[in-house]
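The values are calculated or read from the model by the stated rules, or taken from the named source; none is laboratory data. Quick caveat: nothing in here was measured; it's all calculated off a predicted structure. Cβ placement follows ideal geometry from the backbone for every residue including glycine, while neighbour counts extend to all protein chains displayed.
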Amino acid sequence: MALILNIETSTKNCSVGLAKDGISIYLKEENKGDYSHAEKLHIFIEEVLKSQNLKAKDLDAIAVGKGPGSYTGLRIGVSTAKGLAYAINKPLIAIDTLKALAKTIQIEKGIIVPMIDARRLEVYSAIFNHNYEYTRSPQAEIIDESSYQSLLVAHPVYFLGDGASKCKDIIKHKNAIFIEDKFPSANEMAFLAEEKYQNKKFEDTAYFEPFYLKDFMVTPQKK
C-alpha cells in the first residue's frame, strides 16, 4: 500500500502521475511532438502534488521510466526522479519503458510488440505475450521487410508506439495490427511501480543510470 509519484519522459510524451495502492489517481501529461521535458516536468510534478494537497515528503516512493528511449528525455526524467528521491529520502523505483508501453493495450491472444523510435529505420523493441510477459528482451533493431515474418505467420502481432508508426509501410502481413497514438505513460506505471514497491525492488539512488540500450549518437550540424 503506497503513494507513488510516477515519471515517464523516455519519448515525446512528458508524463507525471500519482498512484495510490497501484491505481492511478491523477495524471498530467503532454505530447506536442517535441521534447519540452526540461520546461514542463517540474511544473507537472508540482501540479500533480497540489491536486491532492500533498507535499513531496508525503510520498512513499518515486518511480521513473528507465528506458530505452530518448537519451535527453531519459536523462531529464531520471535526474529529476533521483534528485527528488534523495531530497525526501524515499526509495527510487525503475520501470521498464517498453513494458509500460505494452500495457497501454489489452489483447486476448497474439503478441504485443511495443516500439520506440530510435534513428532512421531503427527502433527499440521487445516482445510480450498477452499476459505482458517477455518472450524477447529489449533490443535495438533495424526494421526491414523480413522483420517479424515468422511470428506473423503464427499470431496476430500488435505493433504500437512511435517506432511502430514508421514501420507500417515496411512490415506487410494480414496479422500485423498497428495501433496509433500510444506512448509510454505514467498511467500504466502505477501497477508496475506498486508491484516493485511491495517486493522492495529499489534502485541505488546515487548510482542508478537510465537503460539507454545503445550509445548516444551526435548528429553533425548541417552547414
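Yes or no: L121 among the aliphatic types (A, V, I, L, M), touching a Lys or Arg at 6+ places or on another chain (Cβ under 8 Å) and at pLDDT 95 or above? Taking the combined requirement at face value, the residue does not satisfy it. Residues considered: S79, S147, S125. Of these, the only one that is farther than 19 Å from A2 by Cβ, under 18 Å from the mean Cα position of the chain (by Cα) and not in a strand (DSSP E or B) is S79.
For residues in segment 59-70 being within 13 Å of the chain's Cα centre (by Cα) and of a type outside the set (A, V, I, L, M), which is nearest to K20 (Cα to Cα)? Here the answer is G65. Do the conditions hold for I127, that is, is it out of contact with any helix residue (DSSP H, G or I) (no Cβ under 6 Å at 6 or more places or on another chain), in the same structural domain as L152 (by TED's automatic domain parsing), buried (at least 18 other Cβ atoms within 10 Å of the Cβ) and under 21 Å from F191 (Cα atoms)? Answer is yes for this residue. Can we say R136 is more than 16 Å from M189 (Cβ to Cβ), assigned to a loop (DSSP other than H, G, I, E, B) and in contact with a strand residue (DSSP E or B) (Cβ under 9 Å, 6 or more places away or on another chain)? So R136 fails the test.
Which of (1) at positive phi; (2) assigned by TED's automatic domain parsing to the domain that holds G69 is the odd one out, the single condition L213 does not satisfy? The failed condition is (2). Among all positions in segment 152-171, there is at least one residue which is buried (at least 16 other Cβ atoms within 10 Å of the Cβ), touching a His at 6+ places or on another chain (Cβ under 8 Å) and not in a strand (DSSP E or B). A single member of E195, E180 is within 19 Å of T11 (Cα to Cα) and charged (D, E, K, R), and it is E180.
From the residues in segment 172-187 that are more than 30 Å from L5 (Cα to Cα) and either among the small types (G, A, S) or not in a loop (DSSP other than H, G, I, E, B) (or both), which one is farthest from the chain's Cα centre (by Cα)? Here the answer is A176.
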